[in-house]
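Asker: Have a look at the structure that comes next, please.
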Amino acid sequence: PWGLKAQPKQIVDIGQSLLLLGALTSPNGLSAGSPERYWACVRYFSACAATDDLRISLPFTNLDPHQRGILSDDFGVALSVNWLVEQLGGAKNIVDGRQFIVNMGVRKSKKKIPKVGPGKCPDFVIEDKNGLMHVLECKGTQSGRSYLDRAMATGKEQKKGIRIEGGLRGESLVIGVLLSDERSRSSSRIVVVDPEPPALTVVNARNKGRAQEVMKRLSFAKAINLSGFSRLAFEVAWPDSQGMGDTEMKLLTPMERRSAMSDPDDRWRAVQAELDLELEGLRQEDQGAFSVKTVQVEIPAIKLDSGEIARRLTIRRGISAPAVLEFSQDKRDVRSVLEQVAPGEQAISIVTEGNHSRLDYGDLFFSEMIFD
């Protein structure tokens, strides 16, 4: 119903969108380099033209096709997720669709198991504040409406990977973003389609509790990885390899597969070594027991809505210090530790005030950007 009432002109906060992008495009584990932890937040601000509506500035339209494609895909994720969360009135969790399927398992039936692989998985599963679960596939392009339509046709197949049933069922959407440049006669637009699916994973009343546990755990794994603990994030995000079937294994990347099949003691020793190293780089701040990392980036001059000119961006990310310290005490039962440090429901909050945007995930994690 909310989709039918949507206004032709939509307002989307670019700061919030790119802050979300920086969190959502970071993997849940095994990405020790992770330049995207900070760079994904900032690399596209100067791509936005100084126009009344969202358009791509001319220098960014002259990138090589590969770079243009990455920019379009990232804007597709950033704008689609932020817009949908606004329409839903907020979200508790936003998790990777492939990792959700791996944890929930591929459904078994008398019929032939559908072909699996990352290309059959939707981008995200979103749990809203009412407990409904939404499946989302995102697309983005600068190459015109016909190209976007073809990409969204592929997206219809990808979002079929997960079916939500009964009282848990929310939206199952493909959202595409068509970006216009500052010379174009037409405006940028968001296109939403809602086709019906058969699925790899089914969520219903019988496995509701398990699905909610997976959503919370994957969200926490994302926060851990964004704070530098990539090996610990893997242990939190992935199910015990003994409980995974061949079909779930096919959804893992080669690096994930090797790690899932490796010796658990060796993996945990690597986790402890990483904790010892990364804890030295974190500092305590008086912000509700968060351990915080701060990065400052010099950026091309950007005119803010206030009229001020910003030339520097400060990015701060904080992780719950009690949570990290619990894991550093050689606590291998990651699920029980998570329940101990975050026993209740957590929820995502994202707010922009002036030159400051902040994303919070309950009492576990925050990420913020400050322009100056």
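The values are calculated or read from the model by the stated rules, or taken from the named source; none is laboratory data. Bear in mind that the values here come from a model prediction, so they are computed numbers and not experimental data. Backbone-built Cβ (ideal geometry, glycine too); neighbour counts: all protein chains shown. Side chains are part of the model used for accessible areas, which takes the heavy atoms of the whole protein and leaves out ligands, DNA and RNA. Shrake-Rupley method; radii C 1.70, N 1.55, O 1.52, S 1.80 Å.
Asker: Would you please name the residue that is nearest to ARG267 (Cα to Cα), looking only at residues in the stretch 341-372 that are at pLDDT below 80 and surrounded by fewer than 16 Cβ atoms within 10 Å (Cβ to Cβ)? Don't jump to the end; show me each part of the working.
Answerer: Step one: filter the stretch 341-372 for residues at pLDDT below 80, giving 341-346.
Now restrict to residues that are surrounded by fewer than 16 Cβ atoms within 10 Å (Cβ to Cβ): 343-345.
On the way: PRO343: 26, GLY344: 29, GLU345: 29 Å.
Out of the qualifying residues, it is PRO343.
Asker: Kindly indicate the residue of the stretch 314-330 that is out of contact with any strand residue (DSSP E or B) (no Cβ under 8 Å at 6 or more places or on another chain) and surrounded by 13 or more Cβ atoms within 10 Å (Cβ to Cβ) and also farthest from LEU232 (Cα to Cα) among those meeting that condition.
Answerer: Restricting attention to the stretch 314-330, the residues satisfying the condition of being out of contact with any strand residue (DSSP E or B) (no Cβ under 8 Å at 6 or more places or on another chain) are 322-323, 325-330.
Subsequent filtering for residues that are surrounded by 13 or more Cβ atoms within 10 Å (Cβ to Cβ) retains 322-323, 325-328.
Working: PRO322: 15, ALA323: 12, LEU325: 12, GLU326: 12, PHE327: 8, SER328: 10 Å.
Ranking the qualifying residues of the stretch 314-330, first place goes to PRO322.
Asker: Quick test for you: out of VAL295, VAL236, VAL271, pick the one residue that is surrounded by 13 or more Cβ atoms within 10 Å (Cβ to Cβ), at pLDDT 80 or above and outside any helix (DSSP H, G or I).
Answerer: Sole residue among the options that is surrounded by 13 or more Cβ atoms within 10 Å (Cβ to Cβ), at pLDDT 80 or above and outside any helix (DSSP H, G or I): VAL295.
Asker: While we're here: Could you list all residues from the stretch 149-172 that are at pLDDT below 90 and among the aliphatic types (A, V, I, L, M)?
Answerer: Hits for the stretch 149-172 are ALA151, MET152, ALA153, ILE162, ILE164.
Each row is one residue, and each column tells you yes or no for (1) part of a loop (DSSP other than H, G, I, E, B); (2) open to solvent by 10 Å² or more (accessible area, probe 1.4 Å); (3) under 20 Å from LEU313 (Cβ atoms).
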site	(1), (2), (3)
THR51	yes, yes, no
LEU63	yes, yes, no
GLN67	no, yes, no
ASP73	no, yes, no
GLY76	no, no, no
VAL81	no, no, no
LEU84	no, no, no
ILE94	no, yes, no
ILE101	no, no, no
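Asker: Just need a number here: residues in the stretch 1-43 that are part of a loop (DSSP other than H, G, I, E, B) and either closer than 23 Å to ASN103 by Cβ or modelled with pLDDT under 80 (or both).
Answerer: 20
Asker: Looking at the stretch 250-268 only, could you name the residues that are open to solvent by less than 40 Å² (accessible area, probe 1.4 Å) and either on the phi > 0 side of the Ramachandran plot or not in a helix (DSSP H, G or I) (or both)?
Answerer: Of the residues in the stretch 250-268, the ones open to solvent by less than 40 Å² (accessible area, probe 1.4 Å) are 251-252, 256, 259-260, 268.
Answer for the stretch 250-268, where residues must be open to solvent by less than 40 Å² (accessible area, probe 1.4 Å) and either on the phi > 0 side of the Ramachandran plot or not in a helix (DSSP H, G or I) (or both): LEU251, LEU252.
Asker: For the stretch 210-233, how many residues meet the condition of being open to solvent by less than 50 Å² (accessible area, probe 1.4 Å) and either within 26 Å of GLY131 (Cα to Cα) or touching a strand residue (DSSP E or B) at 6+ places or on another chain (Cβ under 6 Å) (or both)?
Answerer: Here the count works out to 16.
Asker: Against the condition farther than 20 Å from ASN225 by Cα and modelled with pLDDT of 80 or more, how does ASN93 come out, does it pass? Talk me through it step by step, then tell me what you get.
Answerer: On the way: farther than 20 Å from ASN225 by Cα: no; modelled with pLDDT of 80 or more: yes.
Here the answer is no, as ASN93 does not meet what is asked.
Asker: So for the stretch 120-141 (the condition being surrounded by fewer than 24 Cβ atoms within 10 Å (Cβ to Cβ) and more than 22 Å from ASN82 (Cβ to Cβ)), does at least one residue qualify?
Answerer: yes
Asker: Continuing with the same structure: Considering the stretch 298-313 alone, what residues qualify as being open to solvent by less than 50 Å² (accessible area, probe 1.4 Å) and at pLDDT below 85?
Answerer: ILE299, ILE302, LEU304, GLY307
Asker: Keeping to the stretch 135-186, report how many residues are at negative phi and either hydroxyl-bearing (Ser, Thr, Tyr) or not in a helix (DSSP H, G or I) (or both).
Answerer: As a first pass, look at the stretch 135-186 and keep what is at negative phi: 135-143, 145-165, 167-186.
If we keep only those that are either hydroxyl-bearing (Ser, Thr, Tyr) or not in a helix (DSSP H, G or I) (or both) too, we end up with 135-143, 146-147, 154, 162-165, 169-186.
Residues that pass the stated criteria total 34.
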